[in-house]
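J.: Got a structure for you, questions after.
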Amino acid sequence: MKPNGLKNLGILLSGRGSNFVAIADSIDAGRIPGARIAVVISNRADAPGVETARKRGLNALVSASKGKEREAHDREVVAALKKHNVDLICLAGYMRLLSPWFVRQFPQRILNIHPSLLPAFPGLEAQQQAFAYGVKVSGCTVHFVDEELDHGAIIVQKTVPVLDSDDEHTLAERILEQEHKAYSEAIGIVLEGKFEVVGRRLVRS
Ligand code: GAR
């Protein structure tokens with residue numbers, strides 16, 4: 001908590017950054033009370049999300065991961081997050097697995113968004129996996145990050161029907177619309193703090 005009462009968010013991304021933009025828009029519109037984006041960090045210099053963040057007047061930096069050992073890179077990222085006094089980290093299309101060391105620095109303070117209804121279709125290209133499997137309903141999940149891939153306690157899920165007329169792109173687009181809503185909702189729930197995690201279950205009080 002900062003003296004002005006705001007919680008500092010640190011956004012990690014690797015690409016387009018549409019989830020980051022949705023979070024920033026929600027904050028600007030007052031839909032996530034008490035939050036500000038303290039820093040945006042990309043592990044790729046060419047991530048469009050970095051430029052978008054700078055255009056919005058936000059601190060945005062690149063900590064290139066290519067060729068670096070995972071934990072060595074994570075130490076750079078964590079140093080930047082701590083320098084900006086980040087309270088909550090939001091992975092927003094951050095396509096790099098965090099080391100157990102990173103996760104332990106911020107217990108229950110790292111969120112991720114994944115474009116499927118976990119535990120179905122973890123890993124890469126979840127929307128394509130779901131489409132190819134033939135599910136009739138898919139969606140997205142915002143969850144706490146633990147030391148396993150796409151695994152921590154679930155905060156928010158939103159469902160999306162798979163239509164006969166869909167291809168994997170149209171399905172991914174409709175899932176993305178729901179992602180943009182789900183992430184802000186999940187951040188609001190976590191910052192409000194009125195929940196406990198019982199086993200794997202996030203129970204709101
Ligand atoms: C989003 O669909 C997000 O759920 C996914 O990457 C995309 C990033 O888009 N993340 C993962 O697959 C993580 N396993 P964005 O850069 O426009 O937010």
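J.: Would you mind telling me the antiparallel percentage of the DSSP bridges in the range 64-156, rounded to 5?
T.: Details: 6 of 9 bridges.
Percent antiparallel among DSSP bridges in the range 64-156 is about 65.
J.: If packing is taken as the average count of other Cβ atoms within 10 Å, what order do 86-93, 193-200, 141-148 fall into, highest mean first?
T.: Put in order of decreasing packing, that is 86-93, 141-148, 193-200.
J.: On the principal axes of its Cα set, how long, how wide and how thick is the range 11-104? Give whole Å, largest value first.
T.: Per principal axis, max minus min of the Cα coordinates gives 39, 27, 19 Å.
J.: Compute the helix-to-body angle for 168-192: its Cα long axis versus the longest principal axis of the chain, expressed 0 to 90° and rounded to tens.
T.: Approximately 40 degrees, to the nearest ten.
J.: Could I ask something else about it? Specify, per residue and in Å³, the volume enclosed by the convex hull of the alpha carbon atoms belonging to the range 66-144.
T.: Normalising the Cα hull of the range 66-144 by residue number yields 99 Å³.
J.: Using alpha carbons only, how many degrees (0 to 90, rounded to 10) separate the axis of helix 18-28 from the longest principal axis of the chain?
T.: 60
J.: Among bridges DSSP assigns within the chain, what percent are antiparallel (round to 5)?
T.: Of those bridges, close to 45 percent are antiparallel.
J.: Relative to the first principal axis of the alpha-carbon coordinates of the chain, what is the inclination of helix 70-83, with its axis defined by its Cα atoms, in degrees from 0 to 90 and to the nearest 10?
T.: The helix 70-83 is inclined about 60 degrees to the chain.
J.: A follow-up question, please. Which value does Rg/Rh take for the range 68-205 over its C-alpha atoms, Rh per Kirkwood?
T.: Using Cα coordinates only, the ratio equals 0.99.
J.: Write down the radius of gyration of the range 1-55 and its Dmax, each obtained from C-alpha positions, in Å.
T.: Using the Cα atoms of the range 1-55, the pair Rg, Dmax is 11.7, 35 Å.
J.: Show which aspartates and glutamates lie in cross-link reach of K181 when reach means a straight Cα distance below 14 angstrom and same-chain residues fewer than eight apart are skipped.
T.: Leaving aside aspartates and glutamates fewer than 8 places away in the same chain, those within reach of K181 are D25, E173.
Throughout, read-outs are computed from the coordinates displayed, never taken from laboratory work. This is a predicted model, so every value here is computed, not measured. Please note: Cβ atoms are built from the backbone with ideal geometry, for glycine as well, and neighbour counts cover all protein chains shown.
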